[in-house]
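The values are calculated or read from the model by the stated rules, or taken from the named source; none is laboratory data. Worth saying up front: this structure is predicted, and the values here are computed from it rather than measured. Because the Cβ atoms are built from the backbone with ideal geometry, glycine has one as well, and the counts that use them run over all protein chains shown.
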Amino acid sequence: MTSRDTIVAIATPPGAGGLGVIRISGPAARSVAEAVLLLRPGHAWKPWRLTHARLPDDDGAVVDEVLVAFFAAPRSYTAEDVVEISCHGSPVVLRHCVARALRAGARAAEPGEFTLRAYLNGRIDLPQAEAVRDLIHATTLYQARVAAQQMEGSVSRAVQPVKNRLLELISLLEAGIDFAEDDVPVAPAEEIDARLAAVLEGLDRLLSSYAWGKYVHEGITLAIVGRPNVGKSSLFNALLGSDRAIVTDIPGTTRDTISESFSLEGIPVRLIDTAGIRESEDTVERLGIERTRRAMADADLTLVVLDLSEPLAEADREILDRTARQGSRVVVGNKSDLPRRLEPVVEEIAVSAQTGAGIAGLRKLLVERIAPEGIAAPQAGLITSARHEALLREAHEAAAKARQANSAGLPHELLLLDCYAALQPLDALTGATTADDILNRIFSTFCIGK
């Protein structure tokens, strides 16, 4: 890829629709558009204005009437000249428009190349570019709000104070080394320790936000487990608000895992209904039970379903013991609309998947387990990317080594090595020193046309 090329792509989703947009970006954007379209005589390109034009076929016959928008560099999405052609959303018409642009000298855009150009041209930084992708793929409004904040530069603004403190320390140490022979006083070990402590405190604050940011970005997996006929599928349907799983009175109806996604206070949740756990000679059911056990191990949170209308069975005890060892769980007592025969054995929340009683309380409890401090408005500088978290952790480890070196009284030249090692991942996070292979990996996940 080269930024000297003029690129073209369909910027709207595949398929027929009321509207389709062709995006052209590069130094020849206007001349390419002039070759593609029939513009009115004497047309003059005026930035940020809509112009009516016609799209002809190869014989000159009009196949569509379009609107054309021109965005002049550098005040455009890519910071280059950009022309956007709004056609009717026929796939045939859109492909024809792109084909004419290619014949006029444009090149087909690679995935994410428009946003990559915005980054390379200095219009946005790397976290903002990644936020564009996250906003496109957001499945809840909460995710969209977080991505919108990051598009405005919230991550870089949160990282910058930490980076500035580190740069100040590096400058101080460099000056002390350069002017040591001129009796310029070098900062005492206590001052260096305090500066490094401030850097580590800032990194800790950013890293701690990832525990919640990971859920915002990736969602959580919630597995419903229990022995047969306790109402797992009914609870699955009640949480989803639709009849997704088959429900019968026959034990072992669910023989495979069924998954569906829904939003829980803005957090995407992948809900998994599993086969009932019991001893079985049926080959298919045994395979389903094995998948249930894998789902239990992989889930972020497990819902253990007990039948309140029956005494605790041995299979219930085994499931409770297994989930207690594996990690986070919520115990749900189902069939609260029937007379209770289950003796209290663990703290459970009573619900009735049949009548809907207690389902709202269960949702509230799940939110509390996912976010103990509550789901608040998206905080500035929330870290949601695994790449960002890994780089911040790398910076933290290097800064911690520098602090240890300072405590051990090692020469400042060695402290500087650790300080620069801490600075490098912060530069990589914001894109100041990012290798081409990292850029290619990031932007290859974008859709073509963005």
**Message:** If the requirement is being crowded, with 18+ Cβ neighbours inside 10 Å and in contact (Cβ under 8 Å) with a residue 12 or more places away in the chain, which of these qualifies: Ala79, Ala35, Ala16?
**Reply:** Ala79
**helices (runs of 4 or more DSSP H) within region 381-450 that include 3 or more residues at negative phi and in contact with a Ser or Thr (Cβ under 7 Å, 6 or more places away or on another chain)** = 412-430
**Fill in**
Taking region 188-233 and keeping only residues that are of a type in the set (Gly, Ala, Ser) and not in a helix (DSSP H, G or I), one is left with Ser209, Gly219, Ala223, Gly226, Gly231
**Asked** Within region 99-151, which residues are surrounded by fewer than 22 Cβ atoms within 10 Å (Cβ to Cβ), within 30 Å of Val62 (Cα to Cα) and either outside the structural domain of Pro13 (by TED's automatic domain parsing) or of a type in the set (A, V, I, L, M, F, W, C) (or both)?
**Response** Ala99, Leu102, Ala104, Ala108
**Prompt:** Among (1) more than 18 Å from the chain's Cα centre (by Cα); (2) under 30 Å from Asp64 (Cβ atoms); (3) not aromatic (Phe, Trp, Tyr), which single condition is Pro161 missing?
**Reply:** (2)
**Asked** Taking the stated definitions as given, is Ala371 in contact with a helix residue (DSSP H, G or I) (Cβ under 7 Å, 6 or more places away or on another chain), within 30 Å of Ala144 (Cβ to Cβ), in contact (Cβ under 8 Å) with a residue 60 or more places away in the chain and surrounded by 20 or more Cβ atoms within 10 Å (Cβ to Cβ)?
**Response** no
**Fill in**
Residues of region 392-448 being at pLDDT 80 or above, over 13 Å from Val199 (Cα atoms) and small (Gly, Ala, Ser), in sequence order, are Ala405, Ser407, Ala408, Gly409, Ala421, Ala428
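Considering only region 332-355, how many residues are touching a residue at least 24 places away in the same chain (Cβ under 8 Å) and more than 19 Å from Val225 (Cα to Cα)?
5
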**Asked** Of all residues in region 222-233, which are polar (S, T, N, Q) and either closer than 13 Å to Leu362 by Cβ or without any contact (Cβ under 8 Å) to a residue 60 or more places away in the chain (or both)?
**Response** Ser233
**Prompt:** Can you tell me which residue in region 1-18 is modelled with the highest pLDDT, limited to those that are out of contact with any strand residue (DSSP E or B) (no Cβ under 7 Å at 6 or more places or on another chain) and among the small types (Gly, Ala, Ser)?
**Reply:** Gly15
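Here's the yes/no breakdown for (1) part of a strand (DSSP E or B); (2) farther than 28 Å from Gln128 by Cα; (3) modelled with pLDDT of 95 or more; (4) touching a Ser or Thr at 6+ places or on another chain (Cβ under 8 Å):
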site: Val21; (1), (2), (3), (4): yes, no, yes, yes
site: His43; (1), (2), (3), (4): no, yes, no, yes
site: Glu65; (1), (2), (3), (4): yes, yes, yes, no
site: Pro74; (1), (2), (3), (4): no, no, no, no
site: Glu84; (1), (2), (3), (4): yes, no, yes, no
site: Cys97; (1), (2), (3), (4): no, yes, yes, no
